[in-house]
Amino acid sequence: MRLVGQIKAGFYPTPPTVTQLVRTWLRFSDKPFAALDPCAGEGVALAQVLAGTGGIGYGMELDRVRARDARTRLAHVLTGDWGTGRASVAAFSLCWCNPPCDDETGDDGGRAERKEHAWLRDVVHYLKPGGVLVYILPQQRLYVETARLLAYRFEGLRAFRFPDGEYRAFGQCVILGTKRKSGMHDPEAEQAMLAFATQGEAAPALAPRPHGEPAVEVPVGGPVKLFAGGVIDPEALLAELPASRLWARARELTGTARARPAGRPPVLLHRGHLALLLAAGEIDGALGAGDSRHVVRGTVRKYTSVSEEEDDQGNVVRREVESLPILVRTLALDGTVRTLE
């Protein structure tokens, strides 16, 4: 990947004009269905496609700032690398796949395969049979293995290069297909994909779906049971904490929740009770009234005393004794500090 691409983390968002043209080729039900974008960016493309439909958007984005923006547009967004995420298999009705354009790195540090192909191979598992793939990649990167995979797992394939203005930027294309119920070797579709890859600007350009041309049906679907990232996102965690009963209990125990109402003890407090309250910090703060008003602060410190003595056999015995004295300091109005132990 070029240096500028590395700085952008491979992020090249789909132009809105392209997204709108792709949408004209899709037909949606008003019933709920799940749509996935494994490289969501700011969530603009998938949100634009799902606008006015029953679609529920799921996205994953490596960059934290872009993921934050995506959460304002999509229902479920995770921060992190798609390779670390987990999702229900065959649960999504639509997959908008615009992967990074780069080489994957093999275990030996060498190049293994193109990311465009690796991401396609992975997201196929999450599309339900009959689900629709929108696959965006540079036209010249449509290699043999990618064409073969598309032909094997998808039917009704349609391939278009980007419109002239957008095509000149990165030479990208978009491929639409419906996932087969089971894989099938289709040499004719494979050759059609390979021929398209070599056509350059002579290939058909993406345009609004002509009248009478059948649209690609996006099926309805139930909720996605599993959609989780492999890395905890601090911002997402903070957003979830208010609804956590464990967090509410922790705030109550640490005194950061609302103030607990004061109650009258059932019996008078003895010195031992007062000492324990002071040690726990429960009666710190301002006490008294008028000239006798003062501030109290109680603490407990741990001390260890060591002694050595000989037993009847002449062996040296070492003893350690721990003590926990309570230290109380008071601050009077005149600035006088008193320490009580």
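The values are calculated or read from the model by the stated rules, or taken from the named source; none is laboratory data. Please read all numbers here as calculations on a predicted model, not as lab measurements. Cβ coordinates were reconstructed from backbone atoms using ideal geometry, including for glycine residues, and neighbour counts include every protein chain displayed. Side chains included, ligands, DNA and RNA excluded: accessible areas come from the protein's heavy atoms. Shrake-Rupley method; radii C 1.70, N 1.55, O 1.52, S 1.80 Å.
Side notes on the structure shown:
- In the complete set of protein chains, residue-level accessible area for residue 274 is approximately 80 Å², probe 1.4 angstrom.
- In sequence order, the range 187-201 has phi-based couplings of x, 5, 5, 4, 5, 5, 5, 5, 5, 4, 4, 9, 7, x, 5 Hz under the Karplus curve 6.51 cos²θ - 1.76 cosθ + 1.60, θ = phi - 60°, and Gly or Pro positions carry x.
- Part-to-part distance (alpha-carbon centres) for the range 285-338 and the range 30-48, which is given in Å: 62 Å
- Amide H contacts of residue 78 (H built 1.01 Å from N, under 5 Å, at least 5 apart or other chain): 59, 60, 61
- Packing rank of 202-212, 307-317, where each peptide gets the mean count of other beta carbons within 10 Å, highest leading: 202-212, 307-317
- Per residue solvent-accessible surface (Å²) - the chain, probe of 1.4 Å: 60 Å²
- Highest-first arrangement of 27-39, 224-236, where packing means the average Cβ count within 10 Å: 27-39, 224-236
- Debye-formula intensities of the range 284-341, expressed as log10 I(q)/I(0) at q = 0.17, 0.30 Å⁻¹, are -0.66, -1.13 (one equal scatterer per alpha-carbon, no solvent).
- Net charge of Cβ neighbours under 9 Å - reference residue 179; Lys, Arg +1; Asp, Glu -1: +3
- At R0 = 45 Å, FRET efficiency that the Cβ-Cβ distance of residue 276 and residue 224 yields, to 0.05: 0.30
- For residue 113, the residues whose amide H sits under 5 Å from its own are 104, ignoring neighbours fewer than 5 places away on the same chain, with H placed 1.01 Å from N.
- Which of 82, 247 is most accessible, then next, and so on - probe 1.4 Å: 247, 82
- Partner lysines for residue 31 [C-alpha distance under 25 Å; skip if fewer than 8 residues away on the same chain]: 128, 179, 181, 225
- The calculated 222 nm mean residue ellipticity attributable to helices in the chain amounts to -7000 deg cm²/dmol, summing -39500 (n - 2.57) over DSSP H runs of n ≥ 4 and dividing by all residues.
- Rounded tilt (10° steps) of 245-254 against the dominant C-alpha axis of the chain: 30 degrees
- Förster-model FRET efficiency, 22 Å R0, residue 24 and residue 169, C-beta, rounded to 0.05: 0.55
- As an equivalent ellipsoid, the range 38-160 spans semi-axes of 23, 19, 13 angstrom, where each value is the square root of five times an eigenvalue of the C-alpha gyration tensor, largest first.
- Those residues of the range 59-80 whose amide nitrogen sits under 13 Å from the label point placed on residue 237, 7 Å along Cα→Cβ: none
- Among (1) 24.5, 106; (2) 33.1, 108; (3) 18.5, 52, the entry that matches Rg and Dmax of the Cα atoms in Å as calculated here: (2)
- Carbon-plus-sulfur accessible fraction, the chain (probe radius 1.4 Å, protein heavy atoms only): 54%.
- Extents of the range 119-180, largest first, come to 35, 20, 17 Å (Cα atoms, principal axes, whole angstrom).
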